[in-house]
1. Under the Karplus relation 6.51 cos²θ - 1.76 cosθ + 1.60, θ = phi - 60°, what is the ordered set of whole-Hz ³J(HN,Hα) values for the stretch 215-220, x standing for Gly and Pro?
2. For the chain, list the cysteines whose Cβ sits under 4.7 Å from no other cysteine Cβ?
3. Using packing as a proxy for protection, rank 144-156, 182-194 so that the peptide with the highest average count of other Cβ atoms within 10 Å comes first.
4. What FRET efficiency, computed as 1/(1 + (r/R0)^6) with R0 = 45 Å and r the Cβ-Cβ distance, is obtained for ALA217 and LEU22, rounded to the nearest 0.05?
5. Which of the peptides 48-58, 171-181, 87-97 is most tightly packed, and how do the rest follow, going by the mean number of other Cβ atoms within 10 Å of each residue?
6. Helix 24-39 against the longest principal axis of the chain: what's the angle in degrees, Cα atoms only, rounded to the nearest 10?
7. Can you list residues from other chains, or at least 5 along the same chain, whose modelled amide H is less than 5 Å from the amide H of LEU136?
8. In debye, nearest 20, what is the charge dipole magnitude of the stretch 1-139 about its Cα centre with +1 on Lys and Arg Cβ and -1 on Asp and Glu Cβ, if you could check?
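Derivation of every value follows stated rules applied to the coordinates shown; laboratory data play no part. Being a predicted model, the structure only gives us computed values, none of them experimental. No Cβ is skipped: glycine too gets one built from the backbone with ideal geometry, and neighbour counts run over all protein chains shown.
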Amino acid sequence: MAQQPSLTERAQQQANEFIESLDDDSKQTLRLSMQRLSESDIDKNAKRIGDQAPDFCLPSVKGGDRKLSDYLKEGPVVLSFYRGGWCPYCNLEFKALQECLPEFKQLGATLIGISPETPDNSLSTVEKHNLEFEVLSDVGNRVVKEYGLLCIVDQKMRPLYLDWGIDVPESNGDNSYELPIPATYVIDQKRIIQAAHVDKIYINRMDPNDIVEALKALKK
């Protein structure tokens, strides 16, 4: 049986197809923006393997506020910071994570998604994609900043986002254009990060199979 493409490979293919559909000016704007992003150091303060994961308390789409430390009482946590339900690469990641959710649970882990979307928009994301894992709303990117994952949408990209039907201020409830660098952390019950994937090129994501292997390693 042929090996299935990884999550990042699928996202890259989708990105290539999307770029090819753009006019020349939009292609150039997007490519220059990605180049500036690649050359930046915005991820220099991101939490990494061996760091203690900052605790937090955020509203859940299921109602009420939840703390990371509360989840960790039940077992390890897989923490996924995503840009928003409008992001096509996040949508691919949602699908892949949802498919692996039973395996995460079997390994005793809780999967949590965090984005800066307002609670109402976070709920819409959950309903649209039939997500069965916990989703929390980090309005203002307070937790994102504590994890060193803050990114601001390039000024020259903002008109293109609107052309593509993406309204970041409406999604997030502010005009900051602040988003998280997509990141995934596997956190043990002592709140230590045991696996991490942080990539400022937002197309690249941690493959669920790697998450499973990291969770299995915690059992050893």
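1. The phi angles translate into 5, 5, 4, 5, 7, 7 Hz.
2. CYS57, CYS100, CYS151
3. Sorting 144-156, 182-194 by mean packing, highest first, produces 182-194, 144-156.
4. Taking R0 as 45 Å, the efficiency between ALA217 and LEU22 is 0.60.
5. Ranked from most to least packed, the peptides come out as 87-97, 171-181, 48-58.
6. Once rounded, the angle reads 40 degrees.
7. For LEU136, whose amide H was placed from the backbone, the distant partners under 5 Å are GLY113, ILE114, SER115.
8. Dipole of the stretch 1-139, to the nearest 20 debye: 300 debye.
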